[in-house]
Amino acid sequence: MTTQTTHASPDLPLDMIIFGGGGDLSARKLLPALYMAHQHCNLPANTRILAIGRKNWTRDEYLGFMEEHSKPFVEHKALDPVSWDKFLSLFEYVRIDVDSAADYACLAEVSRPGVRRVFYLATAPALFTTICDNLAAVGLVDEHSRVVLEKPLGHDLASAQAINNSVGQHFAETQIYRIDHYLGKETVQNLMVLRFGNAIFGPLWQAPYIKSVQITVAENVGVGSRAGFYDETGALRDMVQNHLLQLLCIVAMEPPVSLDPDAVRDEKLKVLRSLRRMTDEDIARDTVRGQYTAGAVGGEPVKGYLQEDNVPADSRAETFVALRAHINNWRWANVPFYLRTGKRMQKKVSEIVIEFADLPFAIIPAGPRNYGNRLVIQLQPAESIQLQMLAKEPGSGLKMLPVNLNLDLEQAFTERRAEAYERLLIDVVRGRLTHFMRRDELEAAWAWVEPIIEGWKRSGDKPRNYTAGTFGPAASSALMARENNAWSEES
Ligand code: BG6
């Protein structure tokens, strides 16, 4: 989806400066995404990429790291040796200890004058302030600079505000790109088109025509090598505060007046601010925390969370969350939004299910599975939109059974789909802010999530166990069943 740029941006050469250049995120996501952008001529002519790391590497050693750790993540059929070599020629490696102010002088020497500098901070958020202060101190921040901040941005409202304050001392809000890679996914952007490009859903997209909304982001992977980070973070901060709430915003927002960044972000902000704050009583009733125990995923036995490397034996980190949220506004009054995410679940699936209201009066008996109309928007692994309808079962008599109107987006559009990071990096280079979070949005998301974190702490309860390879603890199904609803795989 193309959106307007925030401000006229002269076509300057680019210095892309990646802090955390030797890290996992850079290796697996950013560098392959930059390669694809380069291969499709989406980087300005005369681009350079400066990878910043703590290790005492030479340039050749860094290129060796890329060969070993990034190249395998480039889609096989996209790899072209000539183009890869050209891509490598864009790189410099600069060793910097981010805490050492003196080290930034080398960066100032290497970075060219009169270019657009994009600083990508793929580091722990605790370092964002120091890095920005030091960049400004050596004169590297000017009106053409942009900074990209990786999630998680803080671990609560106060820490997010502190980061925003300090970054804001050096960069204007229009120069700050807070990344949530879900906003770069093709299907997430398509959701806006589905809602605002098709008149058919407009009149129905509200209470009382919608009975409930469910948003699931299930992963089958465990915490892998990220236990150190994950155990401090948990699923609520890692997934709900950002990815799931952003999906909820796109489902629930009012039509923006245009696709200008602020028009879209104003509407998302209103949704976040309308989320009903949870009391301790709500938290006990409407949230479920889980932690996986040993089980099997895809037929392979897997460890429980507490047996993963670097996880404390008494960890209470949640690897699963299900909750019921409410949006206090006219459009959504009394429509429950069920959110669910977890690791080591039965399969990887991200989907949004809009369940339309029951018939006011049933004159035709439904079949064995008594459900009505649903719109299922699957984001991954497949990109599809299904409208589940009830139709007459063949044969004598009148009996209804569900059938699908099925739109397979991958068949409908066979063009290459850019990965989320590639698309978002191109947006940064071109100055398009629509798919990045504004400061007030991020803080409103923390303001809603924080009482849940606090409430869980106060309750002293442990997360409920669920066996790896399932869809979470039984309490998650019970949360739905209470209101005569069911998660999509259970109905
Ligand atoms: C990241 C989380 O933001 O999103 C990870 O930190 C999670 O824990 C990942 O695995 C999921 O992203 P995707 O694109 O694979 O759904």
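The values are calculated or read from the model by the stated rules, or taken from the named source; none is laboratory data. From a predicted model like this one, the values you see are computed outputs, not experimental measurements. Note that we place each Cβ from the backbone using ideal geometry, even for glycine, and neighbour counts take in every protein chain shown. In case anyone asks, the SASA skips ligands and DNA or RNA and just uses the protein heavy atoms, side chains included. Shrake-Rupley method; radii C 1.70, N 1.55, O 1.52, S 1.80 Å.
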**Prompt:** If you check residue 150 against the conditions, is it at pLDDT below 95 and more than 30 Å from residue 315 (Cβ to Cβ)?
**Reply:** no
**Prompt:** So, of the residues in the range 380-398 that are within 16 Å of the ligand (Cβ to nearest atom) and in a loop (DSSP other than H, G, I, E, B), which turns out to be most open to solvent (accessible area, probe 1.4 Å)?
**Reply:** 381
**Prompt:** Tell me, which helices (runs of 4 or more DSSP H) lie completely within the range 107-221 with 1 or more residues that are within 15 Å of the ligand (Cβ to nearest atom), more than 30 Å from residue 484 (Cα to Cα) and not hydrophobic (A, V, I, L, M, F, W, C)?
**Reply:** 186-196
**Item:** Every pair of residues 6+ apart whose Cβ atoms lie under 7 Å, when the first sits in the range 136-151 and is over 30 Å from residue 245 (Cα atoms) while the second is open to solvent by 50 Å² or more (accessible area, probe 1.4 Å) and within 16 Å of the ligand (Cβ to nearest atom)
**Value:** none
**Breaking point among (1) at pLDDT 95 or above; (2) closer than 22 Å to residue 26 by Cα; (3) small (Gly, Ala, Ser), for residue 172** = (2)
**residue 27 vs. criteria crowded, with 22+ Cβ neighbours inside 10 Å and modelled with pLDDT of 95 or more** = no
**Request:** Could you please tell me which pairs satisfy a Cβ distance under 6 Å, a separation of 6+ or placement on different chains, a first residue in the range 222-244 that is within 14 Å of residue 339 (Cβ to Cβ), and a second residue that is within 10 Å of the ligand (Cβ to nearest atom) and in a helix (DSSP H, G or I)?
**Result:** 243/182
**From the options 335, 353, 321, residue that is open to solvent by less than 10 Å² (accessible area, probe 1.4 Å), at pLDDT 95 or above and assigned to a loop (DSSP other than H, G, I, E, B)** = 335
